Each structure stands twice: as structure tokens, then as C-alpha cells.
Amino acid sequence: MKIIAYGIREDERPYLEEWAQDQGIEVRVVRELLDEQTADLAKGYDGAVVYQQKPYSGAILDRLAANGVTNLSLRNVGVDNVDADAVKRHGFKVTNVPAYSPAAIAEFTVTRLMQLLRRTPTFDRKQALGDLRWAPDIADELNTMTVGIVATGRIGRAAMKIYQGFGAKVIAYDVYHNPELEKQGIYVDTLDDLYAQADVISLHAPATKDNEKMLNDAAFAKMKPGVWILNPARGALIDTDALIRALDSGQVAGAALDVYEDEVGIFNTDFGSFASIPDERLKNLMERDNVLVSPHIAFYTRTAVKNMVQYALNNNRDLIATGHAENEVQF
Ligand code: COI
């Protein structure tokens, strides 16, 4: 059995090498991402392990299939960048890693909310200028608030526990109801109900065609004035222009954004200076004290990276050996 692994970063390599040695399986490490050219490197391999934010387009998957590789294991959870038609056309078996560390995302999300509520960006900025006064930057307490969780998958549920630990009231919306949470009476019937009641909205949904820009002008207008928005999920869930309008009007008190609709090619890049970041809307958001932007780092912990690499390799091994794996994704 031979596996090729694309887009391997230095922080992933030790976990990959550890797995290959333990399993006695040959894994070729490729630093480049999977594209129409690098797909040719897969010839002679039984499966490919991948992670990238750029699309796995029809043309790329055509090329991979032409090289005889249709076992594709993603090292991450989101599959929104995979061309579903090409998957079906060639009979690809695709796996993801749905639970590499829900806690990583949940802990980061709540950390950012606490920074916003306690106004730490403002105090840090003032202190750097020698200003040690309190007013007017009085804070808010999470234990007095209602948090609305959008989507109660593993990450949403992990975040929920932390919010409850802080003493917040938690409500949730999801099309699918988790039986345990149902018993606890956590669910509201509609998103509008959640918007009407929540002081904080914590997004944990995958990106689909149906929820693109779900937080738009109309949605913000239905929320409580002064609501806090947290998005560690997918940039496509928020209409960025509408968010900027809602921040300007004060309808939204602040936001923590670990994702951004135009992040591909921008996040995880060093531009050398703030001025050189080639996205004016993003810089507009980054310059505000009440907005915390981060470059899609909620997942980036040692635990998560190890699990992403090794669970994806396990999936690919199982696909090759048996035609099935625990985390097969249906397209
Ligand atoms: C995912 O797992 O889909 C993520 O969003 C994290 C990614 C940046 C590795």
C-alpha cells in the first residue's frame, strides 16, 4: 500500500512520519497543494491525503482519477471546496476528519468572546499609549447573557458546555435536533426566535448552498441591538458588507471572526505590513477595537494537527484496504 500526502506543512510532518513508521506504510510527502499539475505525482499510489482551502475542482479530480487515484482523504472537516459532480462522475471515495478537536475551536471561540466582552483590545491599545484609565470602556459579563448557538454538531456542543460553565443561558437552532439537547429544552424553533433572544450569536454551521450569507441585513435587523457575533465556522455564512453596516450603526456591538468570505490566498500569508494586506474590507474590520479578526487559527493546536494528520491517514488506509472508512462523506 502506498499513500501520497499533499500540502504537508512542517508542523504536520512529525505526526505523519510517526504514523508511517508505526504502520509500516509508505507515505510520500509533497509540500505542494493538489492541483492539475501535482495530480500527476499520484500515479502509482493507492490513495491521496490532502488539505487545502483552494477548490478540489472538477479538472483536478479528473486528473487524479486519470492517474488511478480515487481514494481521497481530507485532513479537515469542511468539504465545501470539493466538486461533488466530479466525485460522483469518477466514483471517488472521500473521507474527512469530523472531530479532530471540537474543543480547539470551542475554546478559541469563547476566548475571543471574553476578550470582546472585557474590552481587552481597547485596554491593550490604551496601555501601550500610557493611558491607564478605566472609563469609558466598561465591560459586560457573559453570565448575564443568552448565547444562541447556530448548529449543534460536535463543535457547537463543545462551545455550549463552556458557555454554560460561565453561567450563560444557552439556546440553539439546528435543523437536526440532538436528542440530549432536545430533552434539556435548548432548541428554539426558528432562527428568527434565536435572533430575537440572543445577546451573543455563535456560528458553528458548515457552509452549504442554503446558508450562504445567512447573516445579512435582514438577519441583523431581527437581532437584539448590541448583539455580539462569533464566526469560527465559515466566512460564507456572513455577508461582510452587511456586518460592516451593522457594526457602523451599533446594531452589532462587536464580532470575532476567525474566518472571512475572501480568506483564501490571504489567511496564512505574510504580507510584511498591515498596509500591504490586499483587502480593504478586511483591514476595515481589523482596525476596529470591537472586532477581532484571526486568520482561521481556531483549529491550530498540537492536538488537532496530530489528529487531522493521523485520522486522515487511518481513513485513507481503510479505504485502500477495505473500500470503506469510518468518516466517508456522502456527496
Ligand atoms: C476545517 O477543518 O474545515 C477547518 O476549517 C480548519 C482548517 C483551516 C484546517
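No value in this document is a laboratory result; all are computed from the given coordinates. Keep in mind that this is a model prediction, so the values were computed, not measured. Every residue, glycine as well, gets a Cβ built from its backbone with ideal geometry; the counts of neighbours run over all protein chains shown.
Suppose every K and R has +1 on its Cβ and every D and E has -1 on its Cβ; what is the size of the dipole of the stretch 104-205 about the Cα centre, in Debye to the nearest 20?
420 debye
Can you give me the distance in nm between label points at residue 43 and residue 303, each placed 7 Å from the Cα along the Cα-to-Cβ direction?
The answer from the label model is 4.4 nm.
Assuming 0.36 nm per residue, please report the length gained on full extension of the stretch residue 324 to residue 144 beyond their Cα-Cα distance.
Separation in residues times 0.36 nm, less the Cα-Cα distance, equals 60.1 nm.
Please enumerate, by chain and number, the aspartates and glutamates with C-alpha under 18 Å from the C-alpha of residue 283, excluding those fewer than 8 residues away in the same chain.
List returned: 239, 241, 248, 258, 261, 262, 263, 270.
Would you mind calculating the relative contact order of the stretch 61-124 from Cα pairs under 8 angstrom and at least 6 residues apart, reporting the percent as a whole number?
32 percent
Work out how much length residue 269 to residue 248 would gain on full extension: take 0.36 nm times their residue separation and subtract the Cα-Cα distance, in nm to one decimal.
4.7 nm
Among the listed pairs 43/93; 161/306; 126/306, which have their C-alpha atoms separated by more than 29 angstrom in this model?
Violating the 29 Å limit, Cα to Cα: 126/306.
Rounded to the nearest 500, what is the 222 nm mean residue ellipticity of the chain from helices alone, with -39500 (n - 2.57) per DSSP H run of 4+ residues and division by all residues?
-10500 deg cm²/dmol
Put +1 on the Cβ of each Lys and Arg and -1 on the Cβ of each Asp and Glu in the stretch 1-123; which of 73, 103, 59 then has its Cα farthest toward the positive end of the dipole?
The Cα lying farthest towards the positive end belongs to 103.
Points 7 angstrom from Cα along the Cβ direction at residue 66 and residue 26: gap in nanometres?
2.4 nm
Under a point-charge model restricted to the Cβ atoms of Lys and Arg (+1) and Asp and Glu (-1), what is the dipole moment magnitude of the stretch 13-90 relative to its Cα centre, in debye to the nearest 20?
Here the size comes out at about 80 debye.
With a Förster radius of 25 Å, plug the Cβ-Cβ distance of residue 277 and residue 88 into 1/(1 + (r/R0)^6) and report the FRET value to the nearest 0.05.
Computed FRET efficiency for residue 277 and residue 88 comes out at 0.05.
Quick one: work out Rg over Rh on the C-alpha atoms of the stretch 142-195, Rh as Kirkwood radius.
Using only Cα positions, Rg/Rh for the stretch 142-195 is 0.93.
Classify the stretch 241-327 as rounded, prolate or oblate from the Cα gyration tensor: take a ≥ b ≥ c as the square roots of its eigenvalues, call it rounded if a/c is under 1.5, otherwise prolate when a/b beats b/c and oblate if not.
Verdict is prolate for the stretch 241-327.
So, with +1 on the Cβ of K and R and -1 on the Cβ of D and E, and no other charges, what is the size of the charge dipole of the chain about its Cα centre, to the nearest 20 debye?
The calculation lands at about 460 debye.
If you restrict to DSSP beta bridges whose two residues both lie in the chain, what percentage is antiparallel, to the nearest 5?
Counting only bridges with both partners in the chain, antiparallel ones make up about 5 percent.
How would you classify the chain from its alpha-carbon gyration tensor, with a ≥ b ≥ c the square roots of the eigenvalues: rounded for a/c under 1.5, else prolate if a/b is greater than b/c, otherwise oblate?
Because a/c hits 1.5 or more and a/b exceeds b/c, the chain counts as prolate.
To the nearest 0.05, what FRET efficiency results for residue 134 and residue 17 with a Förster distance of 45 Å applied to their C-beta separation?
With R0 = 45 Å, the Cβ-Cβ based efficiency is 0.30.
Using bins 5 angstrom wide from zero, how does P(r) for the stretch 120-163 break down, in % of all Cα pairs?
5, 17, 19, 11, 12, 13, 13, 8, 2
Assign one of three labels to the stretch 134-256, namely rounded, prolate or oblate, based on the Cα gyration tensor with a ≥ b ≥ c the square roots of its eigenvalues; rounded applies when a/c is under 1.5, prolate when it is not and a/b is larger than b/c, and oblate otherwise.
oblate
If you stretched the chain out fully between residue 59 and residue 9, how much longer would it get, using 0.36 nm times the residue separation minus the C-alpha to C-alpha distance?
15.6 nm
With the dipole of the chain worked out from charges on the C-beta (+1 for Lys and Arg, -1 for Asp and Glu) around the Cα centre, which of 135, 208, 229 lies farthest toward the positive end?
135
On a 0 to 90° scale, report how tilted helix 154-165 is relative to the longest principal axis of the chain, with both axes built from alpha carbons and the result rounded to the nearest 10.
With rounding to tens, the tilt is 30 degrees.
Ranking request for peptides 242-254, 276-288: highest mean number of other beta-carbon atoms within 10 Å first, then the rest in descending order.
The densest-packed peptide leads the list: 242-254, 276-288.
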